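Below: the structure, in C-alpha cells.
The values are calculated or read from the model by the stated rules, or taken from the named source; none is laboratory data. Everything quoted here is computed from the prediction, not taken from an experiment. Please note: Cβ atoms are built from the backbone with ideal geometry, for glycine as well, and neighbour counts cover all protein chains shown.
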Amino acid sequence: MLGLLESRTVSSEILRYANQGMVKTDFVQRVAKLLLTSSKCEAVDVWLRDYDRYLRCSAGRHNGISLSLQALDGGREFLSRQARMVHREHSSELLVPVLAGRQRLGYLHLRSSRKDHFPQAVQTFYQEIADTLASALMNVQLRSDLQERIKELTCLYGISRITAEPDTRLDHMLQRVANILPAGWLYPDIAGAMILLDGHIYATPNHHPHGKYAQRANILVRGRQRGLVEITYGEARPELDEGPFLKEERRLLETVAEEMAAVINRREAEIEKLRLEDQLRRAERLATLGQLAAGLAHEINEPLSSAVGFAQLAGKCPGLPEQAGRDIHKVLYASLQAREIVRRLLTFTRQTPPGQMHVDLNKIVAEGLQFFESRCAKEGIELSCRLSP
C-alpha cells in the first residue's frame, strides 16, 4: 500500500522535474515514467490539456513510452469511455482529474491487471499526486512560455542589431542572421537554419537541406518571392503544432522572413537612390559642360568667320600662284568644316522643347560620325558606315 512518505517522495520528484526548466513534452514523459515505476501498474497515461488539444503520454511496462496528440473533442470522448468501462486486458483502472481550481488541466489514467488495485486510500494518494502535478504544470507552462518569449525576443533583437549595421555587406549580414536563428527554436542543439536569396544560400553547418522536419517562410520583396527562410531538425522530436515545431515558432519564422524582405528592399532602395544621384550629378556636369561649350563655340565662331572671309577674299586676288590658290582653298575648307562643327555643337547644347517631325536617319548618323572621324584616324581606326538607301 502506498503511504504518506511515498506520496511526498513522488510529489517532490514531480516538483523537482518542474524546476529543471525542461520542455513540457520531456516533463510529461518523466512524470509518466515515475508514476509507472511507483504505482506498480502495467500502464500509465498522462493526459495534459495543451490549448485546443490533449498531449497524451503513454508508459507501459512492455511498450515503453510514447507521445501523441489528440484533438480536444476526441480526447474528451476517449476519456469519457475510460470512465465508464474497463479495458479487457486490465482488471483495475483509475482515472484521476488534474485540476487547478476549476480549470481542468488533464487526467491521470492508470491500469493494472490485479483486481482491487486502487482502493480508496490509493485513490486519495493519486488525487494528491494529481494536485501536485497541477501546480507543477502551471509552473512548467509559465516557465516554458517565458523561456520561449525570451528566446524569440533575443533572436529578433540579434537580427535587428545585425541589420542596423550600415557597412555590413548583404551576404555577410544574411549569413550572420542564419547563424543566430537556431537559438530561437525549441530544440536549438539539433536545429539548422538556411536563408535562400536569389539562388544564393546562407546556411549553418548542421542545416539539412532535404530533411524531413522543416519549417519554411517565403521572403517576398515588393510582392515577388525572392527566397525563403528555413529551419530544420536533424532528429525526430515529439509532434507539436506543426510537426515538431510550435505555432509560436511559425510566427517567429514569418517575422524573420518579413524583416529580411524589409532589409533587402531598403538596401536595394539605397542602391537605386545612389544610382539616381550619380546620374543626376552626371547630368549636371553635362549641363555645365554644355554651357561652357556654348560660350566657347561663340568665342571660336567669330575668328572662324573672319578666317573664312579673308580666305575667300584672298582666293579672288588676280595673278595668284596656283600653289597659293590650292593652299587658300584648303584653309577655306578647313575653316568651313570647323564652323560647321561649332554650329552642330551649338545645336546640341541648345535647349529646345520636344516635338515630333520627320527626319533623315542616314543624315543624322552621318553627321554624328563626323565627330569621331578625326579621332579614329589618329588612333589608326578605320570607321566604316553602311546605311540603308
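I'd like the full set of residues that are crowded, with 17+ Cβ neighbours inside 10 Å, under 20 Å from GLN147 (Cα atoms) and either among the aromatic types (Phe, Trp, Tyr) or out of contact with any Pro (no Cβ under 9 Å at 6 or more places or on another chain) (or both), limited to the stretch 227-247.
TYR233, LEU240, PHE245, LEU246
Return the pairs, sorted by first residue and then second, in which the second residue is part of a helix (DSSP H, G or I), the first residue lies in the stretch 238-252 and is under 12 Å from ALA217 (Cβ atoms), the beta carbons are less than 7 Å apart, and the residues are 6+ apart or on different chains.
GLU242/ARG250; LEU252/GLU152; LEU252/CYS155; LEU252/GLY184
Checking GLU340 against (1) in contact with a helix residue (DSSP H, G or I) (Cβ under 7 Å, 6 or more places away or on another chain); (2) closer than 25 Å to VAL365 by Cα, only one condition comes out false. Which one?
(1)
Restricting attention to the stretch 203-231, and to residues there that are in contact with a strand residue (DSSP E or B) (Cβ under 8 Å, 6 or more places away or on another chain) and among the charged types (D, E, K, R), which single residue is nearest to ILE264 (Cα to Cα)?
ARG226
Residue by residue, here is whether (1) hydrophobic (A, V, I, L, M, F, W, C); (2) part of a helix (DSSP H, G or I); (3) touching a residue at least 40 places away in the same chain (Cβ under 8 Å); (4) surrounded by fewer than 18 Cβ atoms within 10 Å (Cβ to Cβ) holds:
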position	(1), (2), (3), (4)
ARG114	no, no, no, yes
PHE118	yes, no, no, no
GLN123	no, yes, no, yes
ILE129	yes, yes, yes, no
THR132	no, yes, yes, no
ALA136	yes, yes, yes, no
ASP145	no, yes, no, yes
GLU148	no, yes, yes, no
LEU156	yes, yes, yes, yes
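For the stretch 191-226, enumerate the residues that are surrounded by 14 or more Cβ atoms within 10 Å (Cβ to Cβ) and assigned to a loop (DSSP other than H, G, I, E, B).
Once the filter is applied, which keeps residues that are surrounded by 14 or more Cβ atoms within 10 Å (Cβ to Cβ) and assigned to a loop (DSSP other than H, G, I, E, B), the stretch 191-226 yields THR204, ASN206, HIS207, HIS208, GLY211.
Restricting to the stretch 214-231, name every residue that is more than 13 Å from GLU258 (Cβ to Cβ) and of a type in the set (A, V, I, L, M, F, W, C).
Within the stretch 214-231, ALA214, ILE231 meet the criteria.
List the number of the failed condition for LEU181; all other conditions in (1) in a helix (DSSP H, G or I); (2) in contact with a helix residue (DSSP H, G or I) (Cβ under 6 Å, 6 or more places away or on another chain) hold.
Evaluating LEU181 over (1) in a helix (DSSP H, G or I); (2) in contact with a helix residue (DSSP H, G or I) (Cβ under 6 Å, 6 or more places away or on another chain) leaves (2) as the failure.
Within the stretch 36-52, restricting attention to residues that are crowded, with 23+ Cβ neighbours inside 10 Å and over 43 Å from the mean Cα position of the chain (by Cα), which residue is modelled with the highest pLDDT?
VAL44
Residues to consider are ALA283, ALA257, ALA262, ALA287; find the one that is more than 29 Å from ALA214 (Cα to Cα), surrounded by 11 or more Cβ atoms within 10 Å (Cβ to Cβ) and out of contact with any Lys or Arg (no Cβ under 7 Å at 6 or more places or on another chain).
ALA287
For the stretch 288-299, indicate whether the set of residues that are in a helix (DSSP H, G or I), among the polar types (S, T, N, Q) and without any contact (Cβ under 8 Å) to a residue 40 or more places away in the chain is non-empty.
Yes, because at least one residue in the stretch 288-299 is in a helix (DSSP H, G or I), among the polar types (S, T, N, Q) and without any contact (Cβ under 8 Å) to a residue 40 or more places away in the chain.
Would you please list the contacts, defined by Cβ atoms under 6 Å and residues six or more apart or on different chains, that run from a residue in the stretch 309-323 that is of a type in the set (D, E, K, R) to a residue that is surrounded by 10 or more Cβ atoms within 10 Å (Cβ to Cβ)?
none
Evaluate the following for ASP167: is it among the acidic types (Asp, Glu), assigned to a helix (DSSP H, G or I) and surrounded by fewer than 18 Cβ atoms within 10 Å (Cβ to Cβ)?
Considered against the rule, which asks whether it is among the acidic types (Asp, Glu), assigned to a helix (DSSP H, G or I) and surrounded by fewer than 18 Cβ atoms within 10 Å (Cβ to Cβ), ASP167 comes out as no.
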